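The values are calculated or read from the model by the stated rules, or taken from the named source; none is laboratory data. In this text, all values refer to a predicted model and were calculated from it rather than measured experimentally. Neighbour counts run over all protein chains shown; Cβ positions are idealised from the backbone, glycine included. Quick note on the areas: whole protein, heavy atoms, side chains included, nothing else; ligands and nucleic acids left out. Shrake-Rupley method; radii C 1.70, N 1.55, O 1.52, S 1.80 Å.
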Amino acid sequence: MSDAPHHLKFKAPSTWITRFAPLAPKDGPSGGMVLDLAAGGGRHARHFLDRGHPVTAVDKDVSALADLARDARAEVVEIDLEDGSPWPFPPAAFAAIMVSNYLFRPHFEGLIGSLEPGGVLLYETFARGNEAFGRPRNPDHLLISGELLDLVRDRLQVVAYEHGETDEAPPGVKQRICAVNDLGLSTRDDGEPAPHPLALG
Ligand SMILES: C[S@@+](CC[C@H](N)C(=O)[O-])C[C@H]1O[C@@H](n2cnc3c(N)ncnc32)[C@H](O)[C@@H]1O
């Protein structure tokens with residue numbers, strides 16, 4: 001039995017991330033740059049690399065990302081996101097930002113601000129009710145009902161959202177959102193943003 005940290009045992013990317021990864025633009029000002037925040041073993045950064053995106057993978061422990069650091073298309077950043085420092089990335093720097101199974105609310109504003117126009121936020125993590133399944137149980141690490149919807153309201157177009165129990169590893173109660181930074185980019189007379197396909201990768 002491997003003695004790797006629990007979260008490094010999940011190698012396959014989340015189906016939420018793979019489903020909506022095709023919405024990340026490749027031809028925007030960032031050149032398709034994708035941020036994997038709290039990347040762990042980098043399963044999602046690797047997925048985007050395979051899709052042809054350059055990636056920035058951030059974690060306080062980058063020991064499982066050594067191979068990525070040797071890839072010219074990947075930047076690996078070792079940083080403690082919770083040490084009180086401001087959000088470490090510039091505005092409009094990323095075509096996609098993904099966060100999977102990590103929650104640190106003080107960086108919510110930075111996350112949204114670092115999406116380029118047309119960029120996509122893919123966020124999924126544990127939510128209240130997960131206490132019955134196991135860790136995390138600390139409310140600081142559990143989203144409340146509708147929290148990701150509230151975060152993006154009037155700022156990003158919500159493409160998909162769900163909240164509930166899932167068997168997908170690691171199982172538990174999760175909340176997930178896919179939202180695109182294209183409010184205000186409308187070419188329609190009514191100002192509504194253009195729709196996106198739902199059944200992607
Ligand atoms: C449950 S794992 C999720 C890893 C990855 N996102 C995935 O879904 O496979 C949480 C990750 O958050 C990272 N993390 C926790 N606290 C952090 C901090 N203060 N700064 C940066 N990374 C942190 C951990 O090192 C770990 O890799």
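Shown in residue order for the range 184-201 are the 3J(HN,Hα) couplings computed by the Karplus curve 6.51 cos²θ - 1.76 cosθ + 1.60 at θ = phi - 60°: x, 9, 5, 10, 8, 4, 8, x, 5, x, 5, x, 10, x, 9, 9, 8, x Hz (x for Gly and Pro).
Using R0 = 25 Å, the C-beta based FRET efficiency linking GLU131 and ARG105 works out to 0.85. Size descriptors for the chain, from the alpha-carbon set: Rg then Dmax equal 16.3, 60 Å.
Of the three principal axes defined by the Cα atoms of the range 28-68, the extents in descending order read 30, 17, 13 Å. From the alpha carbon centroid of the range 174-201 to that of the range 107-125 is 14 Å.
For the range 76-81, the Karplus equation 6.51 cos²θ - 1.76 cosθ + 1.60, evaluated at θ = phi - 60°, returns couplings of 10, 10, 8, 7, 8, 6 Hz by residue, with Gly and Pro reported as x. Each Lys or Arg adds one and each Asp or Glu takes one away; over the other residues whose Cβ falls under 14 Å from the Cβ of ASP50, this sums to +3.
Ranking of SER85, SER114 by solvent-accessible surface, largest first: SER85, SER114 (1.4 Å probe, protein heavy atoms only, all chains present). Here's how it looks for ALA127: its modeled amide H is under 5 Å from those of LEU143, VAL173, LYS174, GLN175, which are all 5 or more places away or on a different chain.
For GLU168 and LYS26, a Förster radius of 30 Å and the Cβ-Cβ distance give a FRET efficiency of 0.65, rounded to the nearest 0.05. Counting only Cα atoms, the size of the range 1-118 along its three principal axes is 45, 34, 27 Å, in decreasing order.
Per-residue 3J(HN,Hα) values for the range 64-70, derived from phi via the Karplus relation 6.51 cos²θ - 1.76 cosθ + 1.60 with θ = phi - 60°, read 8, 10, 4, 5, 5, 4, 8 Hz in sequence order (x marks Gly and Pro). Extension gain, LEU200 to ILE144: 0.36 nm times the residue separation minus the Cα-Cα distance gives 17.4 nm.
Would you compute, from DSSP H runs of 4+ residues alone, the mean residue ellipticity of the chain at 222 nm, taking -39500 (n - 2.57) per run and dividing by the full residue count, rounded to the nearest 500? So the helix-based figure for the chain works out to -3500 deg cm²/dmol.
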